[in-house]
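Since the structure comes first, as structure tokens, the remarks are kept for the end.
The values are calculated or read from the model by the stated rules, or taken from the named source; none is laboratory data. Keep in mind that this is a model prediction, so the values were computed, not measured. Counting neighbours? That spans all protein chains shown, and the Cβs are built from the backbone with ideal geometry, glycine included. Surface areas here come from the heavy atoms of the whole protein model, side chains and all, with no ligands, DNA or RNA. Shrake-Rupley method; radii C 1.70, N 1.55, O 1.52, S 1.80 Å.
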Number of protein chains: 2
Amino acid sequence: MTYSIGEVSNLLDISISTLRYYDKEGLLPLVNRTEGNIRRFNDTDIECLNMIECLKTTGMPLKDIKVFFEWCEIGDDTIDQRYELFLAQKQKTEEKIKELETALKRINYKVEYYRIAKEKGTTSSPDFEEALAMRYLQKKDTQSTEDQTTPAASKSQAV
Amino acid sequence: MTYSIGEVSNLLDISISTLRYYDKEGLLPLVNRTEGNIRRFNDTDIECLNMIECLKTTGMPLKDIKVFFEWCEIGDDTIDQRYELFLAQKQKTEEKIKELETALKRINYKVEYYRIAKEKGTTSSPDFEEALAMRYLQKKDTQSTEDQTTPAASKSQAV
DNA sequence: TATTGACCTAAAGTTAAGTTTATGGGTTAT
DNA sequence: ATAACCCATAAACTTAACTTTAGGTCAATA
């Protein structure tokens with residue numbers, strides 16, 4: 001099965017110009033062309049594009065993705081490099097997830113903070129302060145696993 | 001307690017030029033200055049910078065972060081907007097984490113793939129194919145929670 | 001006193017990852 | 001057969017988030 005650039009664009013939700021850009025940058029080694037110079041993408045190309053999306057999601061820059069594909073083309077001599085690449089990317093991704101989870105806790109605290117502020121109509125009344133403190137203490141007692149606050153954030157009204 | 005720009009830079013691991021850039025872009029409402037026009041950061045400024053880092057981590061562009069701080073300055077009339085902002089950011093962050101976890105599975109599969117390739121010295125022998133299949137089936141049987149493969153990825157040797 | 005080091009501004013430069021524009025070829029529907 | 005599409009390239013443009021550069025102040029130190 002082969003696909004035109006427009007079909008691939010719809011299939012993978014990547015713009016046509018981005019696909020051409022990736023091809024030009026050498027991220028898609030050897031995309032076939034018709035006699036009329038029109039690209040025909042095959043299943044391997046689709047696989048490559050899926051892998052590009054995967055690596056891009058985890059924050060790998062296109063130039064590094066390109067190097068990976070070059071290693072693939074070279075063959076078995078580059079197995080070690082490719083192993084190290086994925087091992088490093090695994091670590092980076094795990095770290096990224098942890099960072100996001102830490103940030104999410106702060107954000108969840110803010111959602112709670114502003115939910116109470118909405119109820120009270122202000123962020124600067126004793127009533128608000130108390131409701132916030134109540135909510136915060138209550139959660140501590142009940143050992144809720146989600147929506148934990150970051151104590152540092154609760155020190156300041158400023159943000 | 002107040003801090004010079006250099007101290008803040010060391011404290012939060014943000015470059016001096018980035019701090020000046022944030023200030024210029026209006027992300028740090030009202031940083032105090034000495035008579036000699038030197039910035040003195042206080043604890044509220046540090047709090048703001050921590051919040052900037054948090055929001056930046058979750059992918060919020062600086063212009064949106066700026067809007068948030070402007071809302072903070074306006075006061076209680078913007079509580080609803082701020083609530084919605086954090087609610088939206090909570091959702092985006094949860095989605096981002098899921099995306100990363102999906103990508104991580106693919107990457108974990110590749111780590112396994114290349115670990116076996118290293119052992120066998122190739123990615124294209126029947127021996128390698130078999131070892132990979134063994135490993136994959138074995139994991140299915142034992143219900144391992146980590147390092148699951150994405151079946152799509154196992155279809156192609158290409159990448 | 002001269003120089004070093006930390007700070008300041010404004011403006012230009014950089015990088016990544018595309019997107020847009022200008023120009024043109026080939027096929028299909030009215 | 002002419003308009004409407006889909007495809008092609010090259011080159012210029014865009015955006016975000018910084019970073020670098022050039023030029024200047026000021027305080028402490030050798």
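Which one of these does B:TYR22 not meet: (1) part of a helix (DSSP H, G or I); (2) more than 13 Å from DNA strand C (Cβ to nearest atom); (3) more than 10 Å from chain A (Cβ to nearest Cβ)?
Condition not satisfied by B:TYR22: (2).
Filter region B:62-81 down to the residues that are closer than 14 Å to A:SER124 by Cβ and in contact (Cβ under 8 Å) with a residue 40 or more places away in the chain and list them by number.
Residues satisfying the conditions are B:CYS72, B:GLU73.
Name the residue that is farthest from the other protein chains (Cβ to nearest Cβ), counting only residues in region B:85-120 that are in contact with a helix residue (DSSP H, G or I) (Cβ under 6 Å, 6 or more places away or on another chain) and hydroxyl-bearing (Ser, Thr, Tyr).
B:TYR109
Confirm whether B:LEU28 is within 12 Å of DNA strand D (Cβ to nearest atom), open to solvent by less than 60 Å² (accessible area, probe 1.4 Å) and among the hydrophobic types (A, V, I, L, M, F, W, C).
Answer is no for this residue.
Look through region A:1-19, keep the residues that are more than 23 Å from the chain's Cα centre (by Cα) and in a helix (DSSP H, G or I), and return whichever of them is farthest from the other protein chains (Cβ to nearest Cβ).
Taking region A:1-19 and keeping what is more than 23 Å from the chain's Cα centre (by Cα), we get A:1-7.
Now narrow it down to the ones that are in a helix (DSSP H, G or I): A:5-7.
Numbers: A:ILE5: 19, A:GLY6: 22, A:GLU7: 18 Å.
If we take residues in region A:1-19 being more than 23 Å from the chain's Cα centre (by Cα) and in a helix (DSSP H, G or I), then A:GLY6 is farthest from the other protein chains (Cβ to nearest Cβ).
Do you know which residues across region B:1-15 are open to solvent by less than 60 Å² (accessible area, probe 1.4 Å) and within 24 Å of A:GLU99 (Cα to Cα)?
B:VAL8, B:SER9, B:LEU12, B:ILE14, B:SER15
Scan region B:5-25 for residues that are out of contact with any helix residue (DSSP H, G or I) (no Cβ under 8 Å at 6 or more places or on another chain) and more than 12 Å from DNA strand D (Cβ to nearest atom) and report the count.
So the answer is 2.
Would you pick out the residues in region A:31-55 that are within 13 Å of DNA strand D (Cβ to nearest atom) and within 14 Å of another protein chain (Cβ to nearest Cβ)? Lay out the reasoning, then the answer.
Just the residues of region A:31-55 that are within 13 Å of DNA strand D (Cβ to nearest atom), to begin with: A:31-41, A:45.
A:VAL31, A:ASN32, A:PHE41, A:ASP45 - these are the residues of region A:31-55 that are within 13 Å of DNA strand D (Cβ to nearest atom) and within 14 Å of another protein chain (Cβ to nearest Cβ).
Might you let me know whether region A:29-43 holds any residue that is out of contact with any strand residue (DSSP E or B) (no Cβ under 6 Å at 6 or more places or on another chain), within 21 Å of A:PHE69 (Cα to Cα) and among the aromatic types (Phe, Trp, Tyr)?
no
For region B:56-72, how many residues meet the condition of being aliphatic (A, V, I, L, M) and within 8 Å of chain A (Cβ to nearest Cβ)?
0
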